[in-house]
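Let me begin by presenting the structure, written as structure tokens, before commenting on it.
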Amino acid sequence: MKAAILLEPNKFEIKETFTPPCPTKGVLVKVKACGICSSDIKMVTKGHRALVYPRILGHEISGVVAESRSKDFKEGDRVQVAPGLRCGLCVQCREGADNQCKHREILGFTRDGGFAEYVAIPLAGRLFGALTLLSANLSYESATFAEPVACCINAQNRVNIKEGDAVMIVGAGTLGLLHSMTARLRGAETILMIEPDTLRRKIAYDFGADRVFDSADENLCQSVMDETDETGVDVIIFACSQAGLNKKFINMLASGGRISIFSGIPSQLSKLILDSNFIHYKEITITGAYGCSAGQNREAIELISSKNLPVADIITCRVSLDNIYKGFEQTSSKESIKSIVEF
Ligand SMILES: [Zn+2]
Ligand SMILES: [Zn+2]
């Protein structure tokens with residue numbers, strides 16, 4: 001099969017490699033579409049804590065079952081692939097938080113992923129994955145958004161976004177826009193966003209934000225207060241690799257406010273310097289969110305499909321596997337938002 005193989009940081013090769021065998025009690029999926037995520041860019045340029053070389057990247061995968069040795073799926077089934085493999089036995093797995101499984105492996109990080117014609121998914125045994133069947137109305141490209149939407153669901157569960165909340169989303173890239181759509185479906189009344197780029201600010205309005213601020217706005221805090229009747233926002237989600245939590249954001253929060261540290265950020269920005277008394281007096285909750293569970297992938301497919309979530313409208317660039325470089329280039333540029341590889 002043809003695959004894009006990352007040999008080491010910044011060294012890619014698109015070449016023929018062996019097609020993985022269909023696992024016992026698993027399936028071989030012929031990839032139809034695979035999203036390019038900013039974490040893929042990070043892995044290409046800098047490496048990643050969970051990455052093992054050489055590696056076929058790609059964790060936002062949809063495709064068709066080409067061969068099945070599982071009783072649950074048959075050849076021709078259209079599926080979304082949840083990228084996590086879990087043990088099913090540890091405490092985290094038993095509680096449904098398998099994104100924190102002690103033995104977790106991730107397709108596109110520690111195992112080969114979707115920037116290839118085929119990907120092998122074990123569905124039983126020591127470590128196993130999860131597939132969700134796609135309804136006929138759901139396209140392969142829309143299904144690639146299930147994984148990032150599932151990550152949003154995970155984060156929004158942890159900050160408990162609910163009816164009537166005012167939510168601030170920092171960053172209007174793919175994940176910021178998906179957070180905005182997901183929060184609205186959960187009943188968020190006001191959605192504010194912060195974004196330095198003019199074009200992205202405009203796009204954020206198209207996807208339903210009530211107000212999008214320029215991160216350079218010197219009166220940001222007051223503007224947020226003006227938009228929320230001087231109460232502040234209930235939730236802040238950091239969906240941006242260039243902004244860290246600091247006092248400015250704490251000041252925008254209403255009493256009882258919740259914060260989601262959703263994006264990993266460079267270590268020079270990641271140190272928290274906060275007055276713990278602010279957290280004490282305002283009863284602030286700070287949560288982290290990393291990845292998503294198998295159940296949240298299923299939930300995301302259900303959400304995208306039943307609510308006709310216009311996720312595919314975020315796509316600004318479609319490339320073939322041979323042109324994956326262009327997709328990476330576009331993902332790093334400000335002019336483009338989401339790139340996907342189509343087969
Ligand atoms: Zn991702
Ligand atoms: Zn486990």
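According to the Cα gyration tensor, what semi-axes, each the square root of 5 times an eigenvalue, does the equivalent ellipsoid of the stretch 75-177 have, listed from largest to smallest in whole Å? Don't jump to the answer; show the numbers that get you there.
Numbers: eigenvalues 130, 80, 35 Å².
Square roots of five times the eigenvalues give 25, 20, 13 Å.
Could I get the Rg over Rh figure for the stretch 152-288? Both from C-alpha atoms, Rh via Kirkwood, rounded to two places.
Details: Rg = 13.5 Å, Rh = 14.6 Å.
Reported Rg/Rh (Cα atoms, Kirkwood Rh): 0.92.
Of the Cα atoms belonging to the stretch 275-320, the radius of gyration and Dmax stand at 18.2, 53 Å. Farthest towards the positive end of the charge dipole of the chain, among the residues CYS87, GLY244, LEU309, is the Cα of CYS87, using unit charges on the Cβ of Lys, Arg, Asp and Glu. Considering the chain at the alpha-carbon level, its Rg and Dmax are found to be 20.0, 61 Å. Extension gain for the segment ASP197 to ASP275, taken as residue separation times 0.36 nm less the Cα-Cα distance, is 25.1 nm to one decimal.
First select every other residue whose beta carbon is under 14 angstrom from the beta carbon of GLU16; then total the charges, Lys and Arg +1, Asp and Glu -1.
-1
Beta bridges from DSSP with both residues in the chain: antiparallel share about 60 percent, rounded to the nearest 5.
So which trypsin sites (Lys or Arg not before Pro) in the stretch 95-132 end up in coil per DSSP with only 15 or fewer other C-beta atoms within 10 Å?
Working: sites: LYS102, ARG104, ARG111, ARG126; in loops: LYS102, ARG104, ARG126.
Sparse-neighbourhood loop trypsin sites (Lys or Arg not before Pro): LYS102, ARG126.
Pairs exceeding a 26 Å alpha-carbon distance, out of LYS42/LYS162; LYS11/LYS32; LYS162/LYS282; LYS25/LYS326; LYS32/LYS307: LYS42/LYS162; LYS25/LYS326. Using a simple spin-label model with pseudo-atoms 7 Å out from Cα toward Cβ, TYR205 and ARG158 lie 3.3 nm apart.
Using only DSSP helix segments of four residues or longer, with each worth -39500 (n - 2.57), what per-residue ellipticity at 222 nm results for the chain after dividing by its residue count and rounding to 500? Write down the numbers at each step before the final one.
Details: 12 runs with 97 residues, N = 343.
The helix-only estimate for the chain comes to -7500 deg cm²/dmol at 222 nm.
Taken together, the values in this text are just the output of simple stated rules run on the coordinates, not laboratory data. Everything quoted here is computed from the prediction, not taken from an experiment. Cβ: placed from backbone, ideal geometry, glycine included. Neighbour counts: every protein chain shown.
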